[in-house]
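The values are calculated or read from the model by the stated rules, or taken from the named source; none is laboratory data. Computed from a predicted structure; not experimentally measured. Backbone-built Cβ (ideal geometry, glycine too); neighbour counts: all protein chains shown.
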Amino acid sequence: MAVAVAKEEMDYSIKPEASASKIDTSEWPLLLKNYDKLLVRTGHFTPIPAGSTPLKRDLKSYINSGVINLDKPSNPSSHEVVAWMKRILRAEKTGHSGTLDPKVTGCLIVCIDRATRLVKSQQGAGKEYVCVIRLHDKIPGGEAQFKRALETLTGALFQRPPLISAVKRQLRIRTIHESKLYEFDNERHLGVFWVSCEAGTYIRTLCVHLGLLLGVGAHMQELRRVRSGAMDENSGMVTLHDVLDAQWLYDNQRDESYLRKVIKPLETLLTTYKRIVVKDSAVNAVCYGAKLMVPGLLRFGKILSSPYEAGIEVNEEVVLMTTKGEAIAIGIAQMSTVELSTCDHGVVAKVKRCIMERDLYPRRWGLGPVALEKKKLKSAGKLDKYGRANEATPAKWKNDYKDYSAPEEEGAQAVAQPVAQEETATPAEQTETPSSPNKMDVDDDDDEKKKRKRHEGETPEERAERKRKKKEKKEKKERRKSKQEKEESDDSD
């Protein structure tokens with residue numbers, strides 16, 4: 001009775017609070033993890049009922065935007081394995097994040113359909129291997145000597161691909177970040193070590209170098225990749241049989257749970273990137289290739305482990321994401337963290353590789369007052385079909401509207417100036433100078449403009465790669481020419 005009276009006297013009303021309770025986002029999945037710790041630019045936006053969280057996509061979209069952390073078996077090549085995956089899942093296209101030799105086992109990231117756009121970014125990511133090395137004789141120093149040799153072969157190393165390799169055998173520099181000795185048996189001439197290295201490192205060559213350094217010779221006995229980019233052995237690795245069983249279960253019993261467990265959303269590969277959260281109204285414009293501007297920015301940054309760690313830097317790769325945690329594109333940051341916090345206008349990032357399908361979110365550009373007025377004038381015939389002014393265009397529109405796609409006036413004046421100088425030339429000069437060179441000059445200018453437009457927006461790395469290829473092509477042409485000349489001279493002799 002006393003307990004009942006006590007319960008009646010208790011106040012069960014909800015009291016008003018000055019501040020809302022903090023949301024814990026540490027358990028949220030993928031790109032939404034620790035969302036509350038990102039730096040806030042604004043919280044004002046209108047959610048659009050389109051798209052969905054990566055884990056709740058319908059099965060077709062889930063598979064088409066999925067990646068598989070596959071445990072590659074020994075003997076088949078990486079390309080064979082990827083072809084089998086394509087056949088099992090009935091996908092349009094598949095790709096992998098770095099070739100493994102036929103005898104090598106371990107982590108092979110297989111990307112399906114839309115996720116193949118991330119293959120290049122994952123191929124350049126760091127790798128980790130566990131290797132079994134066979135020495136050709138005993139070493140006098142034993143385990144201690146082997147450890148010293150491993151430590152010596154750390155950092156930037158010169159490597160040439162092995163005799164049996166699919167690439168050109170030219171000298172290259174690859175970085176070994178760290179290595180550890182797991183086990184060593186001097187009697188059996190065997191050692192097991194772990195190595196973390198840059199993409200493109202040849203562990204077979206590293207074993208040969210270890211043998212040379214120890215003075216006994218060595219070769220690679222066995223190799224397994226334990227990490228590739230963002231995925232490792234412990235992050236849901238599956239076998240080919242798992243994929244086959246999951247597809248069979250869906251085809252025969254319509255149970256998609258196993259298939260969803262085997263395939264991961266592509267956002268899994270982007271969790272290490274610094275994030276920029278985009279408003280729903282700006283998503284489709286970015287999918288069409290538009291640069292992200294400050295008004296379309298919601299949150300940004302990376303979870304910093306210390307106050308002295310750097311945030312987003314200019315020209316750094318970032319992932320553009322929606323408020324639901326979907327990856328829109330990989331972008332190149334055009335502002336640093338400080339500028340993003342303080343500037344009220346400007347370009348936040350430009351798109352490097354678009355991931356999301358177009359028109360998944362509705363279009364939200366061309367709905368402003370100026371754009372609507374322009375549409376009215378075009379429909380009334382007061383602007384041409386390209387939106388340019390014509391004879392019927394009102395004077396107010398000509399004075400108020402600035403066409404940013406039109407060529408600059410300075411450029412027009414610069415072109416007009418030589419023409420004016422030519423007109424003031426003497427009659428004798430005019431008779432001597434034919435009209436054809438002027439046409440050729442104009443054609444050359446047009447070609448130059450086209451070239452500039454073609455290479456507009458490329459990164460410094462892409463520009464350097466283009467110039468390197470051009471140089472190689474030129475050298476090849478010169479070598480061929482000199483060879484032909486030599487053959488001709490030999491024939492004449």
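Quick notes on this structure:
- Restricting attention to region 374-383, the residues that are closer than 15 Å to Tyr401 by Cα and over 39 Å from the mean Cα position of the chain (by Cα) add up to 5.
- With respect to the conditions (1) assigned to a loop (DSSP other than H, G, I, E, B); (2) on the phi < 0 side of the Ramachandran plot, Trp194 lacks only one, and its number is (1).
- Residue check, Gln159 touching a Lys or Arg at 6+ places or on another chain (Cβ under 8 Å), without any contact (Cβ under 8 Å) to a residue 24 or more places away in the chain and among the polar types (S, T, N, Q): no
- Scanning region 106-159 for residues that are within 30 Å of Asn64 (Cβ to Cβ), aliphatic (A, V, I, L, M) and surrounded by fewer than 22 Cβ atoms within 10 Å (Cβ to Cβ) returns Val119, Ala125.
- Residues located in region 204-225, provided they are within 32 Å of the chain's Cα centre (by Cα) and either under 22 Å from Trp84 (Cα atoms) or surrounded by fewer than 18 Cβ atoms within 10 Å (Cβ to Cβ) (or both): Glu222, Arg224, Arg225
- Breaking point among (1) touching a Ser or Thr at 6+ places or on another chain (Cβ under 8 Å); (2) at pLDDT below 90; (3) exposed (fewer than 15 other Cβ atoms within 10 Å of the Cβ); (4) closer than 20 Å to Glu128 by Cβ, for Glu178: (2)
- Among the candidates Val104, Val81, Val67, Val130, residue that is touching a Phe, Trp or Tyr at 6+ places or on another chain (Cβ under 6 Å), at negative phi and at pLDDT 90 or above: Val130
- Of the strands (runs of 3 or more DSSP E) lying entirely inside region 78-186, those carrying at least 1 residues that are of a type in the set (Val, Ile, Thr) and under 23 Å from the mean Cα position of the chain (by Cα) are 94-96, 105-112, 172-185.
- Some residue of region 234-249 being without any contact (Cβ under 8 Å) to a residue 24 or more places away in the chain, in contact with a helix residue (DSSP H, G or I) (Cβ under 8 Å, 6 or more places away or on another chain) and of a type in the set (A, V, I, L, M, F, W, C): yes
- Here is the figure for region 121-163: residues that are over 16 Å from Trp194 (Cβ atoms) and not aromatic (Phe, Trp, Tyr) total 26.
- Scan of region 335-363 for residues that are closer than 13 Å to Gly311 by Cα and not hydroxyl-bearing (Ser, Thr, Tyr), ordered by number: Met335, Val338, Glu339, Leu340
- Condition check for Glu317: farther than 19 Å from Gly43 by Cβ, among the charged types (D, E, K, R) and at pLDDT below 85: no
- Residues (surrounded by 15 or more Cβ atoms within 10 Å (Cβ to Cβ) and of a type in the set (Ser, Thr, Tyr)) located in region 160-175: Thr175
- All positions within region 26-70 that are more than 29 Å from Ser336 (Cα to Cα) and of a type in the set (Asp, Glu): Asp58
- Pair list, Cβ < 9 Å and 6+ apart or interchain, from region 177-198 residues that are under 12 Å from Lys147 (Cβ atoms) to residues that are in a loop (DSSP other than H, G, I, E, B) and not hydroxyl-bearing (Ser, Thr, Tyr): Ser179/Leu153
- Total residues in region 43-68, condition under 21 Å from the mean Cα position of the chain (by Cα) and either charged (D, E, K, R) or part of a loop (DSSP other than H, G, I, E, B) (or both): 2
- Failed condition for Ile276, given (1) modelled with pLDDT of 90 or more; (2) farther than 24 Å from Val110 by Cα; (3) more than 17 Å from the chain's Cα centre (by Cα): (3)
- With respect to the conditions (1) under 27 Å from Ser121 (Cβ atoms); (2) out of contact with any Cys (no Cβ under 8 Å at 6 or more places or on another chain), Arg174 falls short on a single one, namely (2).
- Some residue of region 186-201 being at pLDDT below 90, surrounded by 12 or more Cβ atoms within 10 Å (Cβ to Cβ) and among the β-branched types (Val, Ile, Thr): yes
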